[in-house]
Amino acid sequence: MGLFDDDDEVCGMDTDKQTICVGCTGCCSVIGFITFCVIISAYHHLGPDEQLVVRRGKIYVAVNGPWSGQMNPFESKTRRQALKLEATQYAKVLDKKTNTYRVVVGPYFEFLKADENVVDTSEKIVLARDEYIVLINKLNGQERVVKGPMMLYENVTDNFKAMRLVKKIATYLDEETAAVIANKNTAGLSLVTHCSGTDTLYVPPPNIRVVEERKLTFVKPNEVLVVRDEDGRTQFYDGSNPSTVVDFQCPSAASSEPGGGLAFWLPPYSRIIRMVWSDYSTPVEGNGTTIVASSAVASASPRRRRTSRNIVVNKQIFSSTPQMWLVAGDYNKDTKLWINRGSGPNLTNLVTKGTVMVSSSVGGGPSANLMSINGNTGTTLNFGNLLASSSWTICSLTRYAGTTRREILQGTDWFHGHYGGHTGVARYGLNSTQVLVDVVEPTLEWVPMCGSSGGPTPDNILVGDEAVGEKSGGSTPSGIYVNQNTLSTSDFAIAEIITWTKVLSKDEKQEAMDYLMERLDDAKTYMDQASSLGEKTQIRYVTAIDTRMQRSFYKFEVRSKDNVKLLLEGTVYWAIKDARRAVNGTADPEGDVWFRARSTLIGAISAVNVNDFMQRLNTIIEDAFNAEKGDTFYSDRGIELINLDVLSYTPMDSRTIK
């Protein structure tokens, strides 16, 4: 028998009532537990930097900490931190109720309103006293310039993500430094100096760009500077005449001492003519019959023979050898052969339609005077498989050269440098940079650009001193052309193209960009004189004519009247007395003097027997010098022959030596 029988009662309840009672108790317990949990969960404790946003229907209410208490458990609640900003930060805050924004600037600690949310938190742009930033709207191109010192942040109407931000260093104008500026709308160049009343720290206004910091040009008392101006006229600046009136010269720049030289800023579009002269300024080794070519001159190999004598090009050695290195000065439009300075083959059959011109031009155009291959929309170029592998890097110096401005270097779904009238843009299968705003301005300026098929952004694409890559990777076009696509033609100029069959490292790419920038800097100041000197001629570059006495050494073979061979060694002393005549009369004054002196000595010695020559050496040379000194050959070239010296002579025939 059990403790209770079925008929037993507990607390006066039969079994059925007991079951009901237990069930009700359980339900009440569950309900009580749930109620307890709901009540407990509705209790909130907020720290001093916490906030509770409660939604009550369509209304939001904020409860700020520190606070503890019970809330309505059936209201939606969101816990969030107070807005804390460092001194270098700012935040954009949206009021959902009014759909308006406000900007909160750090340092800041505050609870937001219940209807507010933080949209974005960003770092301020710190501008030092000598810095400024250009904000360019990507859609309409409108600009704003902000000068330091300050911390820049967005206002409620700004959207930095829709702008291109270019941070630059202000140009410090003093007695030796001026700024060449360009208007991006008109492309005209002008010069700004401290003596024109401009602030010492020059920050250009919107749509104006500083193209170059130009240093004062000094002409010594013994020098004459030869300059080609914007209109193609040749100007001569004589340092021995400091009273010469020169444009772009502050009153304090001119020397106050007689014969003290000249100091002035080279005007925009003016270039110092860099002349190429024969160099006989050092004694000749050996028997003098062969002149050793200088290291600046290219190899005489038929395959590698080049015509470009630009000093920057010829001294350049890349740490990674390019596959293709095409310099405009190396292109022969008659043979249609473009000599490749890289490891790959020369380029042939470049022009497939129309004609090209190899020239350099300034005046209303770019600030740099580069030799380039020029064509119009009717010219088509085929570079073939210029990018010969799936991994590649290409660097170029190209520019728009007329009013039609679309693409220049192009392939299938590929362009580099120019697109839709914009500069410094690229598409390597996908848009690799932004394509709506010019990176180089004005639009007609040269674009120095390097891009790779790989590597991290933004350093995968460089334009001048800016890293502009937005996407990494890139396809390899089957061919690269100019004006192949009739819908994307341009008036163009190409100064240089360099390619590698690999993705260059950051340092290697920077090395290539430094070279392109050096070419531009050099071409902003100098223009190279055309030269017909042979590749085996030792040369020197002359940027200012020295009017002091010059020495040219010689060592060559002569024969006397009785056919005795002698090795003659000596020095020719000469000077340029009229620089204008020298420039207009000859492209190589030193070479002319040397060869004329050689001809004079050969003629004088060939008229006498060897015994007579040895006995009357000084008289023979003096008579030859006096006869030659007054010859118009020298005066027509602005040259004075000062003296002819024979330092030694050596018999070359064995019978004579004995």
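Can you tell me which residue is farthest from Y153 (Cα to Cα) among those in the range 67-101 that are of a type in the set (K, R) and either modelled with pLDDT of 90 or more or exposed (fewer than 12 other Cβ atoms within 10 Å of the Cβ) (or both)?
So in the range 67-101, the residues of a type in the set (K, R) come out as 77, 79-80, 84, 92, 96-97.
If we keep only those that are either modelled with pLDDT of 90 or more or exposed (fewer than 12 other Cβ atoms within 10 Å of the Cβ) (or both) as well, we get 84, 92.
Details: K84: 16, K92: 10 Å.
So, considering only residues that are of a type in the set (K, R) and either modelled with pLDDT of 90 or more or exposed (fewer than 12 other Cβ atoms within 10 Å of the Cβ) (or both), the one farthest from Y153 (Cα to Cα) is K84.
Yes/no matrix, rows are residues, columns are (1) farther than 30 Å from H422 by Cα; (2) open to solvent by less than 30 Å² (accessible area, probe 1.4 Å); (3) in a loop (DSSP other than H, G, I, E, B):
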| position | (1), (2), (3) |
| --- | --- |
| A179 | no, yes, no |
| T186 | no, no, yes |
| S190 | no, no, no |
| C195 | yes, no, no |
| P204 | no, yes, yes |
| V210 | no, no, no |
| F218 | yes, no, no |
| P221 | yes, no, yes |
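Restricted to strands (runs of 3 or more DSSP E) entirely inside the range 506-622, those with at least 2 residues that are modelled with pLDDT under 95 and under 24 Å from V646 (Cα atoms) are 550-559, 565-576.
Candidates in the range 603-622 are the residues that are closer than 27 Å to S278 by Cβ and buried (at least 16 other Cβ atoms within 10 Å of the Cβ); of these, the one that is farthest from the chain's Cα centre (by Cα) is I620.
Residue count for the range 310-340 under the criterion of being part of a loop (DSSP other than H, G, I, E, B), within 21 Å of the chain's Cα centre (by Cα) and more than 15 Å from I373 (Cβ to Cβ): the result is 7.
Looking at the range 374-460, what strands (runs of 3 or more DSSP E) fall wholly within it and have at least 2 residues that are closer than 29 Å to T348 by Cα and in contact with an Asp or Glu (Cβ under 6 Å, 6 or more places away or on another chain)?
Details: elements: 380-384, 393-400, 409-411, 414-419, 422-428, 447-452.
In the range 374-460, 414-419 are the strands (runs of 3 or more DSSP E) which contain 2 or more residues that are closer than 29 Å to T348 by Cα and in contact with an Asp or Glu (Cβ under 6 Å, 6 or more places away or on another chain).
Each residue in the range 341-379 was checked for being open to solvent by less than 10 Å² (accessible area, probe 1.4 Å) and out of contact with any helix residue (DSSP H, G or I) (no Cβ under 8 Å at 6 or more places or on another chain), and 5 pass.
Within the range 498-515, being open to solvent by less than 20 Å² (accessible area, probe 1.4 Å) and either among the small types (G, A, S) or more than 22 Å from N385 (Cα to Cα) (or both) holds for A512, M513, Y515.
R129 fulfils the conditions (1) of a type in the set (K, R); (2) under 20 Å from T88 (Cα atoms); (3) touching a strand residue (DSSP E or B) at 6+ places or on another chain (Cβ under 6 Å) except for a single criterion, (3). Annotation: S360 fulfils all but one of (1) touching a residue at least 40 places away in the same chain (Cβ under 8 Å); (2) closer than 20 Å to T489 by Cβ; the unmet one is (2). Residue count for the range 89-108 under the criterion of being within 18 Å of V53 (Cβ to Cβ) and either in contact (Cβ under 8 Å) with a residue 40 or more places away in the chain or of a type in the set (K, R) (or both): the result is 3.
Restricting attention to the range 452-481, and to residues there that are in contact with a helix residue (DSSP H, G or I) (Cβ under 9 Å, 6 or more places away or on another chain) and small (G, A, S), which single residue is nearest to N376 (Cα to Cα)? So, considering only residues that are in contact with a helix residue (DSSP H, G or I) (Cβ under 9 Å, 6 or more places away or on another chain) and small (G, A, S), the one nearest to N376 (Cα to Cα) is G464.
If I ask for residues that are modelled with pLDDT of 90 or more and either in contact with a Leu (Cβ under 8 Å, 6 or more places away or on another chain) or surrounded by 15 or more Cβ atoms within 10 Å (Cβ to Cβ) (or both), which ones from the range 623-632 would you list? Scanning the range 623-632 gives A624, F625. Look at (1) small (G, A, S); (2) part of a strand (DSSP E or B); (3) surrounded by fewer than 23 Cβ atoms within 10 Å (Cβ to Cβ) and you find that A495 fails only one, number (3).
Only residues that are touching a helix residue (DSSP H, G or I) at 6+ places or on another chain (Cβ under 9 Å) and not β-branched (V, I, T) were counted in the range 534-552, giving 4.
Could you say which residue among E131, E154, E175, E116 is crowded, with 18+ Cβ neighbours inside 10 Å, more than 30 Å from G402 (Cα to Cα), within 28 Å of the chain's Cα centre (by Cα) and among the charged types (D, E, K, R)? Step through it out loud before you land on a result.
On the way: E154 fails: within 28 Å of the chain's Cα centre (by Cα); E175 fails: crowded, with 18+ Cβ neighbours inside 10 Å; E116 fails: within 28 Å of the chain's Cα centre (by Cα).
None of the others qualify; the one that does is E131.
Search the range 262-276 for residues being closer than 19 Å to G239 by Cβ and of a type outside the set (A, V, I, L, M), and hand back the single one that is farthest from the chain's Cα centre (by Cα). The residue in question is F264.
The values are calculated or read from the model by the stated rules, or taken from the named source; none is laboratory data. This one's a predicted model, so the numbers in the text were calculated from it and none came from an experiment. As a convention, Cβ positions derive from the backbone with ideal geometry for all residues, glycine included, and neighbour counts pool all protein chains shown. The accessibility values were calculated without ligands, DNA or RNA, using every heavy atom of the protein model including side chains. Shrake-Rupley method; radii C 1.70, N 1.55, O 1.52, S 1.80 Å.
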